[in-house]
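Accompanying notes for the structure given below.
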Amino acid sequence: MYGDVCRDLGVEFKRVGQYVCFNEAWAKPIISAYVWKRKHIDKIEDSEIISGKELHRREPNFNGRFRFAISNPSTGCVCPYGLTIAYAENAVMNGAKVMLNTAVTSMQVENGRIISVSTNRGTVFPHIVINAAGVFSEEIAKMANDRFFSIHPRRGTNSILDKKAGRYMHSVASIKELAASSGHTKGGGILHTVHDNLLIGPDAVETSEKENVATNPESIEKVFTRQKNTMPVLSERDIITYFTGVRAPTFEEDFIIEKGRKCENIIHCAGIQSPGLTTAPAVALDIEKMTVEMLGGAEKNPGFNPIRKPIPPLRNMSDEERAAMIEKNPDYGEIICRCEEISKGEILDALNSPICVPTVDGVKKRVRPGMGRCQGGFCSPLVTKIIAEYLDEPLNKVRKSYDGSVITYGSAKKGEKADE
Ligand SMILES: Cc1cc2nc3c(=O)[nH]c(=O)nc-3n(C[C@H](O)[C@H](O)[C@H](O)COP(=O)(O)OP(=O)(O)OC[C@H]3O[C@@H](n4cnc5c(N)ncnc54)[C@H](O)[C@@H]3O)c2cc1C
């Protein structure tokens with residue numbers, strides 16, 4: 001489904017292909033049987049076994065000692081937050097309402113039905129609640145008196161490498177060490193992103209802390225030690241940033257996509273750990289079907305438009321296209337982020353998009369200023385200024401992301417007294 005979804009939503013999606021690499025020649029017959037099953041029973045028809053020599057021809061920087069690999073040419077790569085924002089914007093264009101910074105705190109349930117949902121920003125009276133709260137989905141289920149599962153959070157740390165390392169490989173790759181295989185993860189890998197960086201990781205560490213997104217040097221070290229077996233040229237010196245996410249597995253390690261058991265107007269979409277992003281468009285169809293059933297039918301929106309026009313990325317334009325764009329909108333001629341070649345025009349377009357998030361991180365996740373080598377060292381003061389001008393507020397009102405994450409203190413405009 002991804003090709004169609006990303007075309008309609010104007011999201012970059014590349015079928016970069018995947019290699020699962022093996023050192024053990026003896027394992028080839030067993031793995032060949034597995035690939036046969038993928039091809040003929042699971043219908044992933046392009047799966048094949050390739051020799052170590054062929055692998056090295058395709059990805060010359062990979063370890064030359066690999067004996068063979070599984071090749072999955074249709075494996076794709078997408079920007080996960082870019083896709084999420086695109087889906088949300090398209091929903092808003094078609095009439096949906098989004099409430100940002102809104103936390104569900106409790107529910108009023110009567111006779112097995114949710115009557116109202118309390119949030120930090122008021123009360124909602126829903127026909128149906130869809131519980132897609134990630135690591136907190138068990139808390140939402142509990143509020144609805146419908147908790148029959150538990151979430152066991154698992155942290156994972158990824159490193160992003162400078163674009164110059166993007167030249168080292170052009171696919172998704174992982175090494176399968178048969179002796180060291182663990183049950184629930186491939187053990188991370190190397191991925192050439194749609195933005196031409198390399199992404200290394202993640203690891204998998206059980207935790208009791210659902211919001212602990214701290215990064216530890218041991219995680220990065222462990223992942224690099226492993227992935228250097230796949231591609232020896234990898235170097236920690238190319239890391240430009242790193243981050244941690246927390247997966248939301250259930251005890252059974254399976255998705256829960258079902259109607260409430262004791263509550264009649266809730267649908268759970270819980271335990272969505274990896275490959276939760278990959279499966280999202282398909283899961284959405286199941287949720288849609290259940291929702292329509294639960295409502296006893298629903299009318300289609302006759303004006304639904306699946307097409308979203310993306311903000312045109314200057315960095316991908318030819319000289320002629322740039323000249324035409326700048327002619328039309330001179331703000332596209334002012335480069336704000338030099339590492340990623342992001343113009344003022346793109347930043348203003350992001351601020352004027354269907355879901356405006358006027359923070360430095362909000363703009364960063366939409367059009368990428370600050371995502372490059374210098375990580376915002378040069379451009380974030382300029383982005384802050386553009387946001388302040390857009391909001392018509394002093395600089396010290398502009399936030400990095402959450403409430404209170406102010407960037408500048410003191411008097412912002414000449415003669416004006418700052419809040420702090
Ligand atoms: C390190 C890592 C690597 C991954 N790699 C891959 C991969 O390669 N491929 C892949 O397909 N998947 C991958 N995944 C999995 C994928 O990211 C998740 O499965 C997916 O994001 C889950 O989506 P979700 O919408 O269910 O939950 P989330 O994305 O967690 O969204 C839940 C939302 O609910 C909100 N929320 C929670 N509680 C409340 C409340 N009380 N009130 C209001 N809102 C609330 C949260 O703020 C959040 O926005 C990876 C995950 C991690 C952590």
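Can you find, within region 22-67, the residue that is nearest to residue 165 (Cα to Cα) among those that are in a loop (DSSP other than H, G, I, E, B) and of a type in the set (S, T, N, Q)? Working first, answer last.
Applying the first criterion (in a loop (DSSP other than H, G, I, E, B)) to region 22-67 yields 23-24, 41-47, 59-67.
Pick out the ones that are also of a type in the set (S, T, N, Q) and you get 23, 47, 61, 63.
Values: 23: 24, 47: 27, 61: 11, 63: 16 Å.
Among those that are in a loop (DSSP other than H, G, I, E, B) and of a type in the set (S, T, N, Q), it is 61.
Could we say that residue 99 is aliphatic (A, V, I, L, M) and in a loop (DSSP other than H, G, I, E, B) here?
Values: aliphatic (A, V, I, L, M): yes; in a loop (DSSP other than H, G, I, E, B): yes.
The answer is yes for residue 99.
Check residue 279 against each of (1) closer than 23 Å to residue 148 by Cβ; (2) surrounded by fewer than 18 Cβ atoms within 10 Å (Cβ to Cβ); (3) within 11 Å of the ligand (Cβ to nearest atom); (4) touching a residue at least 60 places away in the same chain (Cβ under 8 Å) and name the one condition it does not meet.
(4)
For region 121-146, enumerate the residues that are without any contact (Cβ under 8 Å) to a residue 40 or more places away in the chain and more than 9 Å from the ligand (Cβ to nearest atom).
Listed by number, the residues that qualify are 121, 122, 123, 124, 125, 142.
Which of the residues belonging to region 196-232 are open to solvent by less than 30 Å² (accessible area, probe 1.4 Å) and assigned to a loop (DSSP other than H, G, I, E, B)?
Hits for region 196-232 are 197, 203, 207, 231.
Please go through region 407-420 and pick out each residue that is buried (at least 16 other Cβ atoms within 10 Å of the Cβ) and modelled with pLDDT of 75 or more. Quick ask: steps written out before the conclusion?
From region 407-420, those buried (at least 16 other Cβ atoms within 10 Å of the Cβ) are 407-408, 412; that's our starting set.
Result: 407, 408.
Specify which of the listed residues (165, 132) is of a type in the set (Gly, Ala, Ser) and open to solvent by less than 20 Å² (accessible area, probe 1.4 Å). Outline the logic, then answer.
Working: 132 fails: open to solvent by less than 20 Å² (accessible area, probe 1.4 Å).
Checking each option against the conditions leaves just 165.
Take the conditions under 28 Å from the mean Cα position of the chain (by Cα) and assigned to a strand (DSSP E or B) and apply them to residue 75. Does it pass?
Values: under 28 Å from the mean Cα position of the chain (by Cα): yes; assigned to a strand (DSSP E or B): no.
Criteria not met by residue 75.
The values are calculated or read from the model by the stated rules, or taken from the named source; none is laboratory data. Just so it is clear, the structure is predicted and the values come from calculations on it, not from any experiment. Don't worry about glycine lacking a Cβ; one is built from the backbone with ideal geometry, like all the others, and counts go over all protein chains shown. Heads up: the accessible areas ignore ligands, DNA and RNA and are worked out on the full protein's heavy atoms, side chains in. Shrake-Rupley method; radii C 1.70, N 1.55, O 1.52, S 1.80 Å.
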